[in-house]
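A quick write-up on the structure given underneath.
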């Protein structure tokens, strides 16, 4: 009885307190998660996944692509994709036209450095056509990435005031980071991949991801996976993808949806977008893998093998027509066999039937079950994206075909399976510029027509790419094609002769012992030593292209131009140099040029600026003397005399100043 009374008199919560109690219970997990997120942020846990980082150069703050952004797309493996180093200011300087380029390794410029990328060639072309405009081409390409990366990066770009986006992407849809054959846990779900990319901005989620990767490496017995190097073999987990298979169609649909989202983003923010068809080596790259049709009976398989072998024997015996007939019979039995289509293409090619050969080369690429080259289905999706307003397309594949022997794209423009040589990258820039011209991007189509008159040969001859760059590219290509999936390397990896200095420089770059800038400076010193001014000129141009924020190559090249009496070129170059860093060397050279071209007024200005920068006593004396000479040329002997006395107070034995001061005195006595 007493117990029941106690229960009846127990206090009860009011409705308001009950609501508060349940609210706390519900909110508690979120408070806990929020606290954990805050603590992890305060501890700076995980990599910095921001798109750009900032750096100060000569007193100006610049943005540059954050190399650590790679961690968004590669998890649990040690992989360091190549990126470019293009600086830009935020907010955008008035009058600047800003272009961002996006894509995989071809967008970066592999196997070259950024000075030979299509973005570099495009920047130089546009600046030559419109020298009065400030034009930026900022390369955001990243090796081994695909349309997920392009879309993810593009979503952040509207805040950086782009005037145009250029995208070259499509080769890595299967094996690139987050591709359908390399997503691991996320495989098979575009929606999950998109959610994953959003969740990565939470440090708590990054901690969970890192924990999962660590546990997976322990279970797999790999130890610390972050210490392992990785090749494309590891990224390409499920290697073969037959044409038309469910995985193939999934990748195709994913690519289509990513393109659609990218286009919607650009339309929403009124940012012009140019997409490009993808280029592959057709004539010089046999299929990596040819699958056997599962629907063939045992008898049909045997018959296929007989005709394939007969075709090969006839080919080796130079009986092209017979080989063609045998291969066609084999293809009738298994129409998706990539290797047979390539064999048919070669027969037609050697027989001079190039148009027919082209169709067979295309089939050989499209049916290749190791999908390192974009197939026609994906290129068709790109071409179909043209909407006549915001989104345009550039048919780079067609352009390469026009510049290829017999219109068959091969080793003349492609170094391996997909990466162009330097002239190929030059052509890509030409194609994008032509698309800008036809659509009236940057300026009106009419003004484009009037200004775009510079011959391609002139632009090519002044390219910032040297023999050293070509050797680096060949060595990198040799290393790439010496392993899987290449069965027939495009290049061998030779031993470097000890007396081949340039080849030694290239090897140090490909082995990671030198940066590209180190090698170009070493080559420049070599050419200066042996008196080869033409090659010295080229190396200095390459250095400027590699990193336009470093003033030393501008000054060195400016001195070379002055010595060669190329005063107009020197003036233009040095005026660019003082925009990078207003050094007294640049001011002095500009003053010298002004004197030599009969412009003492500007000479006075430049030498005064040189004197305004703290220098050594010897340099100050030299600049003061040159200023006095400029005053004399400008018929201001009194100011010249004052300057010379200042020089002699610093260096009493400065002979040129003593002689000039004596000349001024004698002129004054003569006038009296």
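Read-outs throughout are calculated quantities, based only on the coordinates presented, and are distinct from any laboratory measurement. Keep in mind the model is a prediction, meaning the values are calculated, not measured. Glycine gets a Cβ as well: all are built from the backbone with ideal geometry, and neighbour counts include every protein chain shown.
Does anyone have the angle between helix 600-611 and the longest principal axis of the chain? Alpha-carbon axes, 0 to 90°, nearest 10? With rounding to tens, the tilt is 70 degrees.
Return the equivalent ellipsoid semi-axes of region 261-352 as a descending list in whole Å, where each equals the square root of 5 times an eigenvalue of the C-alpha gyration tensor.
Details: eigenvalues 309, 69, 15 Å².
Computed over region 261-352, the values are 39, 19, 9 Å.
The mean sequence separation of alpha-carbon pairs under 8 Å and at least six residues apart, normalised by the residue count of the chain, gives a relative contact order of 11 percent.
Over region 619-672, Cα pairs under 8 Å with separation of 6+ residues give a relative contact order of 33 percent.
Going by a ≥ b ≥ c, the root eigenvalues of the Cα gyration tensor, does region 298-366 fall in the rounded group (a/c under 1.5), the prolate group (a/b larger than b/c) or the oblate group? Write down the numbers at each step before the final one.
Details: a/c = 2.53, a/b = 1.26, b/c = 2.02.
It is oblate, given that a/c is not under 1.5 and a/b is not larger than b/c.
Between residue 245 and residue 263, the simple label model (points 7 Å from Cα in the Cβ direction) yields a spacing of 2.9 nm.
When DSSP beta bridges are limited to those with both residues in the chain, what percentage is antiparallel, rounded to the nearest 5? Working shown, then result.
Numbers: 8 of 27 bridges.
Here the antiparallel bridges make up roughly 30 percent for the chain.
From the alpha carbon centroid of region 346-409 to that of region 434-472 is 24 Å. Extension gain, residue 353 to residue 335, is 4.4 nm, computed as 0.36 nm per intervening residue step minus the present C-alpha separation. Given R0 = 41 Å, the distance between the Cβ atoms of residue 36 and residue 294 translates into a calculated FRET efficiency of 0.20.
How much length is gained on full extension from residue 328 to residue 532, taking 0.36 nm per residue of separation minus their Cα-Cα distance?
My answer for the length gained is 67.8 nm.
Dividing the helix sum by the residues of the chain, where each DSSP H run of 4 or more adds -39500 (n - 2.57), gives a mean residue ellipticity at 222 nm of -17500 deg cm²/dmol.
For 593, 25, 57, 382, what's the fewest-to-most ordering of other Cβ within 10 Å of each Cβ? Display every interim value, and only then the final one.
Values: 593 21, 25 9, 57 15, 382 25.
Placing the least packed residue first, the sequence is 25, 57, 593, 382.
Quick check: the angle from helix 338-350's long axis to the longest principal axis of the chain, C-alpha only, nearest 10 degrees? With rounding to tens, the tilt is 50 degrees. In this rough spin-label picture, where each label sits 7 Å from Cα along the Cβ direction, the residue 390-residue 458 distance is 3.8 nm.
Can you pull the percent of Cα pairs in region 551-672 with separation above 24 Å? Intermediate values should be presented prior to the final figure.
On the way: 2078 of 7381 pairs.
Considering region 551-672, 28 percent of its Cα-Cα pairs are separated by more than 24 Å.
If you plug the beta carbon distance of residue 671 and residue 398 into 1/(1 + (r/R0)^6) with R0 = 51 Å, you get a FRET efficiency near 0.10. Fewest-first ordering of 82, 501, 145, 453 by other beta carbons within 10 Å of each residue's beta carbon gives 453, 501, 82, 145.
Multiplying the residue separation of residue 253 and residue 559 by 0.36 nm and removing their Cα-Cα distance gives an extension gain of 104.5 nm.
Between residue 211 and residue 309, the simple spin-label model (points 7 angstrom out along Cα→Cβ) gives 5.9 nm.
Give me Rg over Rh for region 531-613, both radii from the alpha carbons and Rh done the Kirkwood way, two decimal places. Intermediate results must be reported in sequence, preceding the final value.
Values: Rg = 12.4 Å, Rh = 12.7 Å.
Rg/Rh: 0.98.
With respect to the chain, whose longest principal axis is taken over its alpha-carbon atoms, helix 552-563 is tilted by about 50°. Across the chain, the convex hull enclosing all Cα atoms gives 286 Å³ per residue.
Given R0 = 30 Å, the distance between the Cβ atoms of residue 501 and residue 80 translates into a calculated FRET efficiency of 0.60.
The C-alpha atoms of region 453-565 occupy a region whose extents along the principal axes are 52, 39, 25 Å, arranged from largest to smallest. Considering only Cα atoms, the convex hull volume of region 308-348 works out to 51 Å³ per residue. Cβ-to-Cβ counts within 10 Å put 99, 474 in ascending order as 474, 99, the fewest first.
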